[in-house]
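Colleague: One structure, as structure tokens, below. Some questions next.
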Amino acid sequence: MTRFFAGFARSVRWLEDGLLIGVFAAMLLLAGAQIVMRNFFDAGFAWIDPLLRVLVLWIAMLGAVTATREDRHISIDVLSRFAPPKFLPLLKRIIALATSLICGLLAWHTFRFVRDEYAWSDVEIAGLPVWIWQSILPLGFALMTWRFLFAVVFPARAEPGT
């Protein structure tokens, strides 16, 4: 069973890294192409600018997910500076639990937001409904929730399956 989780974790890591690299490369190429077309040909595609704005959202969420995976996320933790060293493992678990609850709430509410966009929106970006582009929000927060919950149960491990 441990092999399964290790393989699953590697697959998720590979997918996250691939998406992060792919989205960043797409942003560079699209922005560069738009600049060249505007400056040299007085033309451009109307869909590139809104797509680039959405891809910034994807980069932010994928970066946050990656930072959570690497335990390099922003952490404002005043209590651990003043707590005795013997309480630090318990304190880290409590903080991870609180963070997972917050990320879980964000995942739920962004899921509701995307669901409403699916039901009511007819806006398209690059030919796709806007809810598809916004789906990174609940997915990213759900993955961060999972990682913080895993840190509550297995604080010594960086991610599931390792």
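The values are calculated or read from the model by the stated rules, or taken from the named source; none is laboratory data. The model shown is predicted, which means the values in this text are computed figures rather than measured ones. Positions of Cβ are backbone-derived with ideal geometry, glycine not excepted, and every protein chain shown enters the neighbour counts. When the accessible area is computed, the model is the full protein with side chains, heavy atoms only, and any ligands, DNA or RNA have been set aside. Shrake-Rupley method; radii C 1.70, N 1.55, O 1.52, S 1.80 Å.
Colleague: Take the residues in segment 12-53 that are more than 17 Å from L139 (Cβ to Cβ) and among the acidic types (D, E); name whichever of them is most open to solvent (accessible area, probe 1.4 Å).
Modeller: D42
Colleague: What pairs come up if the first residue lies in segment 81-105 and is without any contact (Cβ under 8 Å) to a residue 24 or more places away in the chain and over 17 Å from R69 (Cβ atoms), the second is open to solvent by less than 100 Å² (accessible area, probe 1.4 Å) and part of a helix (DSSP H, G or I), and their beta carbons are under 7 Å apart, counting only those six or more places apart or on different chains?
Modeller: A83/L91; L88/S80; L91/S80
Colleague: Among the residues of segment 38-52, is there at least one that is part of a helix (DSSP H, G or I), touching a strand residue (DSSP E or B) at 6+ places or on another chain (Cβ under 8 Å) and over 26 Å from F148 (Cα atoms)?
Modeller: Within segment 38-52 (the criterion being part of a helix (DSSP H, G or I), touching a strand residue (DSSP E or B) at 6+ places or on another chain (Cβ under 8 Å) and over 26 Å from F148 (Cα atoms)), the answer is yes, since at least one residue qualifies.
Colleague: Filter the helices (runs of 4 or more DSSP H) completely within segment 75-162 down to those with at least 1 residues that are surrounded by 14 or more Cβ atoms within 10 Å (Cβ to Cβ) and among the small types (G, A, S).
Modeller: It comes to 88-120, 136-153.
Colleague: Quick one: is D71 at positive phi and not in a helix (DSSP H, G or I)?
Modeller: Against the criterion (at positive phi and not in a helix (DSSP H, G or I)), D71 qualifies.
Colleague: Could you run through segment 1-11 and say how many residues are open to solvent by 40 Å² or more (accessible area, probe 1.4 Å), closer than 22 Å to L139 by Cβ and of a type outside the set (F, W, Y)?
Modeller: 2
Colleague: For segment 17-52, which positions are of a type outside the set (A, V, I, L, M, F, W, C) and touching a residue at least 60 places away in the same chain (Cβ under 8 Å)?
Modeller: Matches in segment 17-52: P50 only.
Colleague: For the condition charged (D, E, K, R) and under 26 Å from L52 (Cβ atoms), what is the one hit in R115, R81?
Modeller: Result: R115 is the single residue among R115, R81 that is charged (D, E, K, R) and under 26 Å from L52 (Cβ atoms).
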